[in-house]
Amino acid sequence: MTRDGPDPDGADREEDDAVCAWAQAAAAGGRRGPMKIVTLVKQVADTYSERKLSDSDHTLDREGAEAVIDEINERAVEQALLLKEANDGSEVVVVCMGPDRATDAIRKALSMGADSAVHLSDSAIHGSCAVQTAKALTKLIGTVEGWDLVIAGNSASDGQIGAVPAMIAELLGVPSLTHANELSVEGTTVKAKRETDEGVTHLTAELPAVVSVGEKSNEPRYPSFKGIMAAKKKPVQTLDLAGAGIDPSEVGLANALTSVVSASPKPPKQAGEKVTDEGDGGAKIAEFLVGQKLI
């Protein structure tokens with residue numbers, strides 16, 4: 001699987017040269033040895049807590065809800081760790097974009113076994129849309145020298161857009177495999193298995209590549225006490241926009257391509273209509289369904 005044409009983000013020539021150099025190495029016999037795997041992690045509002053939009057700008061009120069690492073990202077970390085364990089000397093680097101407290105999500109990934117992290121934390125990213133997020137994460141990935149594979153969750157629980165991994169692949173100019181349940185790497189090829197209601201699909205792409213994993217992928221491991229203690233000493237590089245090479249005009253609610261213009265709480269749940277069967281119960285139910293335009 002390959003992609004042709006110019007980089008849609010106007011990526012600088014250094015990034016293009018790096019991809020070309022990698023391709024030349026593969027043509028000469030393929031990459032061998034350890035891999036550097038980037039895993040995207042996001043902190044989200046816990047789905048079990050009350051979630052609401054801010055009254056001021058209609059963005060998700062993240063301070064008003066319990067914050068956790070997105071469960072689908074834990075599965076992405078697990079897939080990265082399985083590849084690391086299968087390829088001696090490999091390294092897993094967590095990349096995260098979010099406020100200061102997103103460090104908790106990063107430390108969770110590190111306690112599972114990831115080796116280091118890069119964290120973009122800047123108040124200017126508040127309200128960024130999916131396209132802006134993809135561009136910012138692409139810049140962050142670019143700070144990880146010599147990466148081979150990017151693994152992400154297929155869709156964040158707080159947005160459910162499900163397009164960011166594919167956007168990042170397009171911006172990087174590399175192949176994209178989506179909704180993977182299992183991953184393996186053989187030589188310069190990443191292989192993925194995708195399970196759907198229609199059957200099983202086997203996908204392949206040449207490295208470097210971006211892969212998103214689905215809810216049917218491996219259950220994430222629980223961090224051990226040793227892992228939790230070790231995570232406290234693992235390096236986390238924190239960058240602001242300038243440090244990541246991101247122009248402020250490229251992020252933030254004021255520059256977003258999409259935004260919520262109005263919102264209101266969902267109406268309270270109404271009591272159902274009780275039907276007493278006096279020989280005509282079936283007719284009454286049918287009449288109710290017709291009235292609700294359900295049949």
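All of the numbers you see were taken from the coordinates with simple rules; none came from a lab. Please read these numbers as outputs of a predicted model, since none were measured by experiment. Cβ coordinates were reconstructed from backbone atoms using ideal geometry, including for glycine residues, and neighbour counts include every protein chain displayed.
Does anything in the range 66-92 have its amide N under 15 Å from the 7 Å Cα→Cβ label point of Asp104, and if so which residues?
Within reach of a label on Asp104: 66-71.
If you plug each phi of the range 132-139 into the Karplus form 6.51 cos²θ - 1.76 cosθ + 1.60 with θ = phi - 60°, what whole-Hz ³J(HN,Hα) values come out, in order, with x for Gly and Pro?
Values, residue by residue: 4, 4, 4, 5, 5, 5, 4, 5 Hz.
Would you mind telling me the antiparallel percentage of the DSSP bridges in the chain, rounded to 5?
Around 40 percent antiparallel, to the nearest 5.
Can you tell me what percent of all Cα-Cα pairs in the range 173-224 are more than 12 Å apart?
That tail contains 64 percent of the Cα-Cα pairs.
Under a 5 Å amide H to amide H cut-off, with H placed in plane at 1.01 Å, what residues pair with Val95 once short-range neighbours are removed?
Under 5 Å from the amide H of Val95 lie the amide H atoms of Thr39, Leu40, Val41, Val118, each far enough along the sequence or on another chain.
How would you rank 175-187, 145-157, 225-237, highest first, on the average number of other Cβ atoms within 10 Å across their residues?
Averaged packing, sorted descending, gives the order 145-157, 175-187, 225-237.
Subtract the Cα-Cα distance of Glu50 and Asp115 from 0.36 nm times their separation in residues, and report this length gain in nm to one decimal.
Residue separation times 0.36 nm, minus the Cα-Cα distance, leaves 20.1 nm.
Please get the size of the charge dipole for the range 13-255, origin at its Cα centre, with Cβ charges of +1 on Lys and Arg and -1 on Asp and Glu, quoted in debye to the nearest 20.
700
Evaluate the distance, in nm, between pseudo-label points positioned 7 Å from the Cα of Gln292 and of Leu257 along their respective Cα→Cβ axes.
Simple spin-label model gives 3.9 nm for this pair.
Read phi for every residue in the range 255-269 and hand back ³J(HN,Hα) as whole Hz from Karplus 6.51 cos²θ - 1.76 cosθ + 1.60, θ = phi - 60°, with x for Gly and Pro.
Each residue's phi maps through the Karplus curve to give 10, 5, 7, 9, 7, 8, 8, 7, 7, 8, x, 5, x, x, 5 Hz.
Quick one: if you take sqrt(5λ) for each eigenvalue of the C-alpha gyration tensor of the range 154-289, what semi-axes come out, biggest first, whole angstrom?
They are 43, 26, 20 Å, listed largest first.
Would you grab the residues whose amide H sits under 5 Å from the one on Lys191? Only those 5+ places off in sequence or on another chain, please, with H modelled 1.01 Å from N.
Here Ser184, Val185, Glu186 satisfy the definition.
According to a simple spin-label model (label point 7 Å from Cα along Cα-to-Cβ), what is the distance in nm between Ile161 and Lys274?
4.7
Based on alpha-carbon atoms only, what is the radius of gyration of the range 92-241 relative to the globular estimate 2.2 N^0.38 Å?
Ratio of Rg to 2.2 N^0.38 Å for the range 92-241: 1.06.
Using amide H atoms built in the peptide plane, which far-off residues or other-chain residues are under 5 Å from Ala163 H to H?
For Ala163, whose amide H was placed from the backbone, there are no distant partners under 5 Å.
Would you mind putting 114-123, 163-172 in packing order, based on average other-beta-carbon counts within 10 Å, highest first?
Those peptides, ordered most packed to least, come out 163-172, 114-123.
Taking 0.36 nm per intervening residue step and subtracting the Cα-Cα distance, what contour gain separates Glu71 from Ala283 on full extension?
71.7 nm
Expressed in nm to one decimal, what extension gain is obtained for the pair Ser249 and Ser123 from 0.36 nm per residue of sequence separation less their Cα-Cα distance?
The span from Ser249 to Ser123 would gain 44.1 nm if fully extended.
What ratio of Cα Rg to 2.2 N^0.38 Å holds for the chain?
Expressed relative to 2.2 N^0.38 Å, the Cα Rg reads 1.18.
If I model a spin label at Thr204 and Glu63 as a point 7 Å from the Cα along the Cα→Cβ vector, what separation in nanometres do I get?
About 5.2 nm separates the two model spin labels.
Apply the Karplus curve 6.51 cos²θ - 1.76 cosθ + 1.60, θ = phi - 60°, to the phi angles in the range 69-76 and return the couplings in whole Hz, x for Gly and Pro.
Result, rounded to whole Hz: 5, 4, 4, 5, 6, 4, 5, 5.
Taking +1 at the Cβ of each Lys and Arg and -1 at the Cβ of each Asp and Glu, which of Ser217, Thr138, Leu253 sits farthest along the dipole of the chain towards its positive end, judged by Cα position relative to the Cα centre?
Towards the positive end, the residue furthest out is Ser217.
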